[in-house]
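Asks: Below you will find the structure I want to go over with you.
The values are calculated or read from the model by the stated rules, or taken from the named source; none is laboratory data. As the structure is a computational prediction, the values presented were derived from the model and not from experiment. Quick reminder, even Gly has a Cβ in these numbers, built from the backbone with ideal geometry, and neighbours come from all protein chains shown. Just the protein is used for accessible areas: all its heavy atoms, side chains included, with ligands, DNA and RNA removed. Shrake-Rupley method; radii C 1.70, N 1.55, O 1.52, S 1.80 Å.
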Amino acid sequence: MEAEALLKVHGLEVAFPDRRGGQRVVVDNVSLEVGVGERVGLVGESGGGKSLTALAILGLVPEPGEIRSGRVTIGGIDTKEVPDCRGGVVGLVLQEAGSGLNPVYSVGFQLVETIEAHGIARGEEARRRALALLTEVAIDNPGPILAAYPHQLSGGQAQRVMIALALAGDPRMIVADEPTTALDMLTQAQILELLVRITDERGLGLLLVSHDLAVIGELVHRVVVMHGGRIVEEGATSEILRQPNHPVTRRLVEAAMRVRGGRSEAGGGAV
Ligand SMILES: Nc1ncnc2c1ncn2[C@@H]1O[C@H](COP(=O)(O)OP(=O)(O)OP(=O)(O)O)[C@@H](O)[C@H]1O
Ligand SMILES: [Mg+2]
């Protein structure tokens, strides 16, 4: 790969205790890389381990789950040695804005707090940056949105705010887990277009998690397919779409073709 690796995951294993006092491995020896400015799709059927892989990269595996082994380096820094290195380096966007935004604080408060927490700016300057971030994510009327609370936002606005929040720490890459699944198709296309534009403009890496190859196929350079906690196939998106080898990949590609057949160019797209 020509691109310099930004994120390197090697031999990642995540397990949950099972009822019999044993361990259930849900992410099994996963290794992947995302280069500078590269967009990688992490796809697969439900329960395949995509979200836990994304969460593990961010050190956010929910209890009682645990990372049993593996190495995650971001920009060459081992996250085990410098846990804080993730903060300013990786921004996270989740499916439900509800789980990424705090319902009791205004949008402006959360943005300013994040900007300050990363030592990027303080006070009035942090506020100016918050406003600029809302403009960057194409929120029409950013002033009032700064003062709004998460429940006052539409689904699309909430996702834009979450992207702004992910950008607030000035990250080098974004991990987005099904960022548009809860949205209608038009809004979904707009949000994905936004993610692509912003990662392009800022030169960020993007790890885009989805169960739907139809949604992300045109947006990512490479696809990594997970099933049963393992990576079963990976390759350049065009290759994967043209010649899927693993049965799971084939199912995903067939499903994507069906969707695309029934839909007229809904997913605006890059490349
Ligand atoms: N908190 C938890 N406790 C126990 N098991 C869990 C927990 N969260 C996830 N799992 C299990 O880990 C496995 C992988 O889950 P994960 O959420 O990563 O899948 P996914 O690929 O993101 O699926 P989806 O497409 O439905 O989001 C599943 O079998 C799931 O049941
Ligand atoms: Mg998931």
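Asks: What are the residues in region 36-51 that are open to solvent by 30 Å² or more (accessible area, probe 1.4 Å) and either farther than 21 Å from Glu4 by Cα or within 6 Å of ligand 1 (Cβ to nearest atom) (or both), if any?
Replies: Result: Glu45, Ser46, Gly47, Ser51.
Asks: Can you tell me which residue within region 133-156, out of those that are out of contact with any helix residue (DSSP H, G or I) (no Cβ under 7 Å at 6 or more places or on another chain) and of a type in the set (S, T, N, Q), is nearest to Thr181 (Cα to Cα)?
Replies: The extreme case among them is Ser154.
Asks: Please go through region 198-234 and give me each residue that is farther than 20 Å from Val27 by Cα, within 16 Å of ligand 2 (Cβ to nearest atom) and open to solvent by less than 10 Å² (accessible area, probe 1.4 Å), ordered by number.
Replies: Leu213, Ile216
Asks: Let me ask something else. Go through region 38-82 and report how many residues are within 14 Å of ligand 2 (Cβ to nearest atom), small (Gly, Ala, Ser) and in a strand (DSSP E or B).
Replies: Total meeting the criteria: 1.
Asks: Within region 92-132, restricting attention to residues that are among the hydrophobic types (A, V, I, L, M, F, W, C) and in a loop (DSSP other than H, G, I, E, B), which residue is surrounded by the fewest Cβ atoms within 10 Å (Cβ to Cβ)? Break it down stepwise before answering.
Replies: Filtering region 92-132 down to residues among the hydrophobic types (A, V, I, L, M, F, W, C) leaves 92-94, 97, 101, 104, 107, 109, 111-112, 115, 117, 120-121, 126, 130-132.
When the remaining residues are screened for being in a loop (DSSP other than H, G, I, E, B), the result is 94, 101, 104, 120-121.
Values: Leu94: 22, Leu101: 21, Val104: 9, Ile120: 15, Ala121: 15.
Out of the qualifying residues, it is Val104.
Asks: Those residues that are free of Cβ contacts under 8 Å to residues at least 60 places away in the same chain and either within 16 Å of ligand 2 (Cβ to nearest atom) or part of a loop (DSSP other than H, G, I, E, B) (or both), I need them from region 16-37; list them, please.
Replies: Phe16, Asp18, Arg19, Arg20, Gly21, Gly22
Asks: Sort out which residues of region 22-35 are farther than 12 Å from Pro64 by Cβ and open to solvent by 50 Å² or more (accessible area, probe 1.4 Å), and write them in order of number.
Replies: Val25, Asn29, Glu33
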